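Written below as structure tokens is the structure these notes are about.
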Amino acid sequence: MTRTHAADVAVIGAGPAGLAAALAARQAGAVVTILDEGARPGGQIFRQLPAAFGTIGQPAADAPSHALGHALLHDVEASGVPVLARVTVFEARPGALAYERDGEVGVVRAKAIVLATGAYDRSVPFPGWTLPGVVTAGAAQVMVRGQMLRPGTRAVVAGTGPLLLPTLTALQAAGVRVVAALEAAPRTALLRGVGALLRSRAKRREAWHYARAFLRSGLRLRHGWTVFAAHGADRVAAVTIGRVDRTGRPRRDHEQRLEADLVCVGFGLEPSNELARRLRCTMLRGPDGSWVPQVDARMATSVAGVFAAGEVVGIGGVDTARAEGHLAGLAAAAHAGWTVAPERFAQAEAERVRERAVSRTLLAAFPVLPGLYELAAPDTLVCRCEDVRLREVREAAALFGPELRTLKMATRAGMGPCQGRICASILEGVLASRLGVDPHRHACPAAQVPVKPVAARCLLEALRELG
Amino acid sequence: MSSRSFDVVVIGAGIVGCAVACWCARAGLRVLVLERDGVATGTSGACMGHIMVNPEPEPLYRLTRRSVTLWQELRDRHPELHYLACGALWLAESDADLPLLQGLDRAIAGHGDRAWLLDARELHRREPALAPDLPGAWFYPDDAVVLPMQACGVLLGEAVRLGATVCTHTPATGVRLGPGSRIEAVRTPEGEVATAHVVVAAGVWTPAVHRQLGLPPVPIFPRRGDLAITAPFATPVHTQLLEVAYLRTATGKTIDPEGSEPDPGANAMNVQPQTHGTCLIGMTRQFGGLDRTLHPELLQRSLARAARFVPALLDAPVVRTWAGLRPYTKDKLPFVGPVPEIPGLHLAAGHEGLGITLAPVTGELVAQAITGQAPSLPMAPLGLARGAAGARHG
């Protein structure tokens, strides 16, 4: 028997946006259900250890945002809103969701859906990037903060943007020796970023927390540097690093080789937008080029009863996510028929506008550097699922033109189980940097059921249940 | 399009257009492929990949047999082609289906060809993941499965290396006819291209292309199919599977695509392992115009039917589902060859579920017609004239 739940508001994602949405909707009177992939709520940023680890305690000193996270988690727990944990939502229609947990299917019918699905790491391919020992910043945080694992002993940390600092701090707290910390963006980006941070009290405190930890570490952040290649037979043993120009293009004049068994890369985030695409929300290009659902002043997407908040509508960080989640929760409750006072809306809308403005400035300070896509060598994999190398993409583009769908046709790049989550932006990036193809010529890819791989029996059951 | 003059202009870059371009280029013709969208973005980007000999009826046997041989040559010529030489098992669901298997065996023997009837024990030794109660099957060894989009790339790639030009996102907007209604040029948004031959290989969009170009009507009807595919290495079977009862029900034989009654849709089990260890699960059929939206209820029936024959499929992770259109003709044969009223105009469309199978023989026949060679197979059953009656009624 399929488990079915009924709710006024279903919230997908238990990070800051989802938690805030659930609380706001609950406080407005709505019956709320949260669905989340994690074992415990909190999302990427407020990641909690598995319950079995509870007695060991938190490994790293908590940042101010974590205190906020604990408060949110506590409030949600106190509110009695149920959290369906470890579930994968693989189908969404307006008014209904289907999820899988341990091979079982559940269906949630809800008058309103809030997409608070967050983001995942943007991958930039370079020679050796698929070797064991190369991990994304997000994966490193999961290992350190979610599993209490030390992912390596000597690390090169490379990437761009404000998330590098928490990554460095987490690795150091786990006892990893960071041999190089590389920010690809020039120092001026940092200054612009600091300008954005100064406009927000919460962000100031957060930045100060990490900056202080970083300064105490004695590490030096090298601006305009990045990882060029990871070397090793069956796992990382050494890393080549080098300078990049203002656009991220590698300069081959200052290459250095370092011994390391861990390369941690964080080139920014991409919104987890597959449910928005599946629901056929109108999608727009965000300022960093990612596809995000269009939302109105109250976080409503173009599809009636579907709201979106946080990273999925544009990378913005924890404060924006919380503000947008709160607003989306109010709007979703109102959609489900609960009364929300106009002044509550006005306040929430104003806060959302303020936070989003800050995060937009921060995002603009650390743009996706197009030249980084020149790091890949001809035999570097650009699609990991289907083992497609850059050379094959270039050859196919020369024969058939540089269109994503056509390249998929010729090379199978983008057809694997990741459904393009990892490789779509890589393909756009290499086409732009190697062949001068304007990324804006590519249309937003459609998403079909299941948006994430699921056993055929679950798909069958969900289709029976949802019609 | 640096040159403004070609021997042949192919309209459509699906599997059939790509094969026509390939065989025309092999014949030394200067080929231009016009595609209003991208390569393989229509039916060929949304279909199954079977290369399959149909034992009956006779014209279809000849066509499919010739084309399977041409595919085997392509496989030898292009090692990069993802070609799984898996053969096909036509499965009986119960003893009542066994006469159908014997009928297939008789038909294939009548062509002097070779296949095997398997009893339950032989069948389950070959495919242990099949449902234990299946009583037998008929095995045809030469059938295969390709990845359709990749196959388009291989065929078009050969054409391009032989000098063909491909213009994507470039529709044909008109044709210029000379004395005797002979083809003289094709118009595109980028200007006019002189040519003596035009091949319309636009699948379900062929009637629309003909309307746009002012050419005779073609009775081809879009018929949607819904599909699912598993993750790599997840296939529980290694041979292509079809339920033989499909021959009896012929997936909704009685539905008239031009009738006023809505088509409730039909489905039959067709499961195809691919070179990646992925497994394609079909099939469904439903008339419903050019709408390509997946039909969840039919897909669900199709998955359940597949699980009836291969219970282990229920545990395989499905990564994607989608729907595509099949170009249906009333007598289940494609339109291939010259259109007599318009000298220089050739059709290569209407292959329904056999587009991948029949693309090479279609390319060969069209190239033979253009170069004035004798056709390798009789063309009469493929002419537009035999379908014109249907068109007039419509």
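Things to note:
- On the range B:119-255, 55 percent of the accessible area sits on carbon and sulfur atoms, based on a 1.4 Å probe.
- Rounded to 10°, Cα long-axis angle of helix B:148-161 versus longest principal axis of chain B: 30 degrees
- Heavy atoms of the protein chains alone define the surface here; on that basis the range A:123-267 has 44 Å² accessible area per residue at 1.4 Å probe size.
- Area accessible to solvent at B:Ser94, 1.4 Å probe radius, in Å²: 50 Å²
- Each 5 Å bin, from zero up to the one with the longest distance, holds this percent of the alpha carbon pairs of the range B:308-351: 5, 16, 13, 12, 11, 10, 11, 8, 5, 5, 4, 0.
- Annotation: for a label point projected 7 angstrom from Cα along Cα→Cβ of A:Ala443, residues of the range B:155-170 with backbone N closer than 17 Å are B:168-170.
- Reduction of at least 20 Å² in accessible surface, 1.4 Å probe, comparing all protein chains with the chain by itself, residues of the range B:265-302: B:His276, B:Thr293, B:Leu294, B:Pro296, B:Gln300
- Taking all protein chains together and rolling a 1.4 Å probe, B:Trp116 ends up with roughly 100 Å² accessible.
- Modelled FRET efficiency - R0 60 Å, A:Arg204 with B:Asp331, Cβ distances, 0.05 increments: 0.20
- Folded to 0 to 90 degrees: helix B:98-110 orientation relative to chain B principal axis, Cα: 50 degrees
- Relative to the dominant Cα principal axis of chain A, helix A:16-27 is inclined by about 10°.
- For the range B:140-229, GluC sites (Glu not before Pro) are listed when DSSP marks them as loop and at most 16 other Cβ atoms sit within 10 Å of their Cβ; the list is B:Glu190.
- An oblate overall shape is assigned to the range A:353-467, the ratio a/c of its alpha-carbon gyration tensor axes (a ≥ b ≥ c) being 1.5 or greater and a/b not exceeding b/c.
- Ordered by solvent-accessible area of protein heavy atoms (1.4 Å probe), largest first, the residues A:Arg278, A:Arg249, B:Arg386 come out as A:Arg249, B:Arg386, A:Arg278.
- In the frame of its principal axes, the protein assembly as shown has Cα extents of 84, 62, 55 Å, reported largest first.
- Theoretical ellipticity at 222 nm over the protein assembly as shown - DSSP helices of four or more residues, -39500 (n - 2.57) apiece, nearest 500: -10000 deg cm²/dmol
- Accessible area buried between chains B and A, both sides summed, probe 1.4 Å, in Å² to nearest 100: 2800 Å²
- In chain A, the portion of solvent-accessible area held by carbon and sulfur atoms comes to 53 percent [1.4 Å probe, whole percent, DNA, RNA and ligands not counted].
- When the range A:371-436 is reduced to its Cα atoms, the Kirkwood hydrodynamic radius in Å: 11.3 Å
- Label-point gap, in nm, between A:Asp387 and B:Glu58 - each point 7 angstrom along Cα→Cβ: 4.7 nm
- Calculated FRET efficiency for the pair B:His238/A:His70, C-beta based, R₀ 60 Å, to 0.05: 0.70
- Minimum 50 Å² accessible area buried by the other protein chains, the range A:425-463 residues, probe 1.4 Å, relative to alone: A:Gln448, A:Ala456, A:Arg457, A:Leu460, A:Leu463
- Anchor B:Lys330: aspartates and glutamates whose Cα lies under 19 Å away (excluding residues fewer than 8 positions away in-chain): B:Glu56, B:Glu58, B:Asp256, B:Glu258, B:Glu261, B:Asp263, B:Glu352
- Panel values: the range A:123-267, Kirkwood radius from alpha carbon pairs, Stokes-Einstein at 4 °C and 1.567 mPa s, translational diffusion coefficient 84 µm²/s.
The values are calculated or read from the model by the stated rules, or taken from the named source; none is laboratory data. The structure presented is a predicted model; accordingly, all values stated were derived computationally and were not measured. Quick reminder, even Gly has a Cβ in these numbers, built from the backbone with ideal geometry, and neighbours come from all protein chains shown. When the accessible area is computed, the model is the full protein with side chains, heavy atoms only, and any ligands, DNA or RNA have been set aside. Shrake-Rupley method; radii C 1.70, N 1.55, O 1.52, S 1.80 Å.
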